[in-house]
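Colleague: Quick one: structure below, then a few questions.
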Amino acid sequence: MEQLIVARMADGRPEIFASVQGEGVSMGVPSTFVRLAMCNLRCRWCDTAYTWDWERFDRAASTMAMTAEEAAAAVQALPPRNVVITGGEPLLQRRQLVPLVEALRNEGYRFEVETNGTVGPGPLAELIDQFNVSPKLAHSGNAGLRRIVPGVLREFGTTGRAWFKFVVAEPGDLEEVRAVCAAGGIPPERVVLMPEGTSAAVLNERGQWLAEACAREGYRFSTRLHILLWGDRRGV
């Protein structure tokens, strides 16, 4: 059986932990997070670069392989029954995720997947309760990489279970948000805007004008609750 490549905590344990969802429409929901390794994009402000940047981080120290059964046992050891699969880009391992999701769904677990929207849901399309799709804007710095794939965004939209979360750094980004939504057929009521930042000060400063923009445009607003509560650190 194929194994999942999971991010590893500093103490050597897999990065599977209990917290509350910090972003998007489920913000505040008690959740068990499963952080997978590997990504097909290279965002300059990525706060989980240890899952993919092998020039700056040691791959053996930052990742580990787990069977679906091992990952399920780690999830079951924690109280929250809303499971957030994140990364990295978890849909690079969509096939390997199927046994884990199927096993836990049979026990009443609910699943969210965090994705950059460049890889379709594939065999997970009918197994995931909520897709948190976060297309990357130009300020992410993914020069030369295909960061916007309109056909894939439309595929997520047809599930009826996708929300589209955009990380916004400055007011000028809103024009690009509108263009991506037009290309991907994304209605305003399915859009969530979130300020870019890894400190409470930056999030609060950007959040003020961004919330006002959401009120004008008909978008939802999200902050980064985990950053406000615990700062920029892992396992929360």
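Colleague: From the list 32, 51, 67, exactly one residue is over 24 Å from residue 221 (Cβ atoms) and surrounded by fewer than 19 Cβ atoms within 10 Å (Cβ to Cβ). Which is it?
Modeller: Going through 32, 51, 67 in turn, just one is over 24 Å from residue 221 (Cβ atoms) and surrounded by fewer than 19 Cβ atoms within 10 Å (Cβ to Cβ): 67.
Colleague: Shifting gears a bit: Only one of 173, 232 is touching a residue at least 40 places away in the same chain (Cβ under 8 Å) and out of contact with any strand residue (DSSP E or B) (no Cβ under 7 Å at 6 or more places or on another chain). Can you tell me which?
Modeller: So the residue among 173, 232 that is touching a residue at least 40 places away in the same chain (Cβ under 8 Å) and out of contact with any strand residue (DSSP E or B) (no Cβ under 7 Å at 6 or more places or on another chain) is 232.
Colleague: Quick one: what pairs do we get from segment 150-161, first residue open to solvent by 50 Å² or more (accessible area, probe 1.4 Å), second of a type in the set (Gly, Ala, Ser) and not in a loop (DSSP other than H, G, I, E, B), C-beta under 7 Å, 6+ apart or different chains?
Modeller: Listed by first residue and then by second, the contacts come to 154/184.
Colleague: For segment 89-121, name all the residues that are open to solvent by 30 Å² or more (accessible area, probe 1.4 Å), more than 22 Å from residue 27 (Cα to Cα) and of a type outside the set (A, V, I, L, M, F, W, C).
Modeller: 94, 95, 96, 99, 102, 106, 107
Colleague: Would you mention how many residues in segment 66-89 are of a type outside the set (Val, Ile, Thr), out of contact with any Lys or Arg (no Cβ under 6 Å at 6 or more places or on another chain) and in a strand (DSSP E or B)?
Modeller: Residues that pass the stated criteria total 1.
Colleague: What are the pairs with Cβ atoms under 8 angstrom where one residue, in segment 67-91, is farther than 26 Å from residue 134 by Cβ and the other, located anywhere, is open to solvent by 20 Å² or more (accessible area, probe 1.4 Å) and modelled with pLDDT under 95? Sequence gap at least six, or different chains.
Modeller: The qualifying pairs are 67/1.
Colleague: Further question on the same structure: What's the number of the only condition in (1) surrounded by fewer than 24 Cβ atoms within 10 Å (Cβ to Cβ); (2) in contact (Cβ under 8 Å) with a residue 24 or more places away in the chain; (3) within 24 Å of residue 166 (Cβ to Cβ) that residue 144 fails to meet?
Modeller: (2)
Colleague: Quickly run through segment 35-48 and pick out the residues that are outside any strand (DSSP E or B) and either among the hydrophobic types (A, V, I, L, M, F, W, C) or exposed (fewer than 15 other Cβ atoms within 10 Å of the Cβ) (or both).
Modeller: Answer for segment 35-48, where residues must be outside any strand (DSSP E or B) and either among the hydrophobic types (A, V, I, L, M, F, W, C) or exposed (fewer than 15 other Cβ atoms within 10 Å of the Cβ) (or both): 37, 38, 39, 41, 43, 44, 45, 46, 47.
Colleague: Going through segment 167-190 one residue at a time, which ones are assigned to a helix (DSSP H, G or I) and open to solvent by 20 Å² or more (accessible area, probe 1.4 Å)?
Modeller: Of everything in segment 167-190, those that are assigned to a helix (DSSP H, G or I) and open to solvent by 20 Å² or more (accessible area, probe 1.4 Å) turn out to be 175, 176, 178, 179, 182, 183, 188, 189, 190.
Colleague: If only one of 139, 226 is within 17 Å of the chain's Cα centre (by Cα) and surrounded by fewer than 21 Cβ atoms within 10 Å (Cβ to Cβ), which one is it?
Modeller: 226
The values are calculated or read from the model by the stated rules, or taken from the named source; none is laboratory data. Predicted, not measured: the structure shown is a model, and the values here were computed from it. Virtual Cβ from ideal backbone geometry, glycine too; neighbours counted across all protein chains shown. Heavy atoms of the whole protein, side chains included, go into the accessibility calculation; ligands, DNA and RNA do not. Shrake-Rupley method; radii C 1.70, N 1.55, O 1.52, S 1.80 Å.
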